[in-house]
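The values are calculated or read from the model by the stated rules, or taken from the named source; none is laboratory data. Every value quoted in this text rests on a predicted model; they were computed, and no experiment measured them. So basically every Cβ, Gly included, is an ideal-geometry build from the backbone, and we count neighbours across all protein chains shown.
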2 protein chains.
Amino acid sequence: MTIEPVPVHDPADTVWRLLTALLMVRKEEFPALAASFGLNPGAMHALLQLDPEEPQSMSSLAGAWKCDASNVTWLVDRLEEHGLAERRAHPGDRRIRTVALTRKGAKIRSQVEARMYEAPDNLRALSLRDLETLAKILRKIVPEDRSRP
Amino acid sequence: MTIEPVPVHDPADTVWRLLTALLMVRKEEFPALAASFGLNPGAMHALLQLDPEEPQSMSSLAGAWKCDASNVTWLVDRLEEHGLAERRAHPGDRRIRTVALTRKGAKIRSQVEARMYEAPDNLRALSLRDLETLAKILRKIVPEDRSRP
DNA sequence: TATTGTTATACTCTATAACTATA
DNA sequence: TATAGTTATAGAGTATAACAATA
């Protein structure tokens, strides 16, 4: 005797399943994408969260990246080795070091984003009408800034 | 002078950005979900890809999990420690060891899936009409089996 | 001899604890 | 004394290479 799984009736869960299935493939591509730029996934994630305009302190990065300060040191070292970021002095407090994207870092970052946000073929196969319907509905629940990281 | 990013015009890319933003939060929850079952993310991933019905050889798992055979040994050791999977002899070839989910493994696996496929609150906030529209469109491009892993 | 899986070992990434320099 | 960041060190997870058993 086999225990059958309880069927999903909740429409939100149904949509969630469909979305997860759609995204799963891309998620697995991330490490390869990072590697294609000579970075490990952690450093790539860090690169994407660095703001080209606003240098941040090491400690605030530890908060943003949800990792230990010593790991921030290590990750920023990796980015510096690739010439993608640089440590700078803080004007008011000589204990603080800020991290800023270099010109090259900003360029690579936007290249990576372009690759990440390239829609997969199956999505591209939808009609313009369907795509616009999707966008309209999704915009109701996705804050504008989160859709343009 | 700052170089402005090229605006995204392609409607498929726009939708893709929205979808990615929506899924990002959940993706970050995965390690915590794994930890709540006493597993590391790798072992959890492995558990989810083990078929309750079909035992698989170690080498085929290395292919499926995209990792080295020695790592399969390590991961299956972890699952066995928790009583979630077990090695079995292959009837025809004594070199081969197959890996099968235990009864407990199948149970935990479906619990994990239930947690993973629970829609987040913002999705739940959509109207039934919107959810049905989403499901209808997404089903055009998501193969039925991929939406029910 | 070739293949399957394990063991021995090394490397990568992350964390904790001790340390340096500023405040 | 407290805080920011680094360095020293340890641990988890993954890979490569050598090995034992079987084909």
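Observations on the model:
- Scanning region A:71-85 for residues that are in contact with a helix residue (DSSP H, G or I) (Cβ under 6 Å, 6 or more places away or on another chain) and surrounded by fewer than 16 Cβ atoms within 10 Å (Cβ to Cβ) turns up just one, A:83.
- Residue pairs whose Cβ atoms lie under 6 Å apart, separated by 6 or more positions or on different chains, with the first residue in region A:105-120 and at the interface with another protein chain (Cβ under 10 Å from one of its Cβ atoms) and the second in a helix (DSSP H, G or I) and of a type in the set (D, E, K, R), are A:117/B:13; A:117/B:17; A:119/B:13.
- Single unsatisfied condition, residue B:78 versus (1) near DNA strand D (Cβ under 8 Å from one of its atoms); (2) under 17 Å from residue B:105 (Cα atoms); (3) outside any helix (DSSP H, G or I): (3)
- A count restricted to region B:110-135 and to residues that are of a type in the set (D, E, K, R), surrounded by fewer than 13 Cβ atoms within 10 Å (Cβ to Cβ) and either within 20 Å of the chain's Cα centre (by Cα) or modelled with pLDDT of 95 or more (or both) stands at 2.
- The set of residues in region B:48-70 that are within 8 Å of DNA strand D (Cβ to nearest atom) and loosely packed, with under 15 Cβ neighbours inside 10 Å comprises B:66, B:68, B:69, B:70.
- Applying the criterion of being touching a Pro at 6+ places or on another chain (Cβ under 7 Å) and away from every other protein chain (no Cβ under 11 Å) to the residues of region B:20-63, the residue that is nearest to DNA strand C (Cβ to nearest atom) is B:41.
- Filtered by the rule that a residue be basic (Lys, Arg) and closer than 20 Å to residue B:58 by Cβ, region B:89-111 gives B:94, B:95, B:97, B:109.
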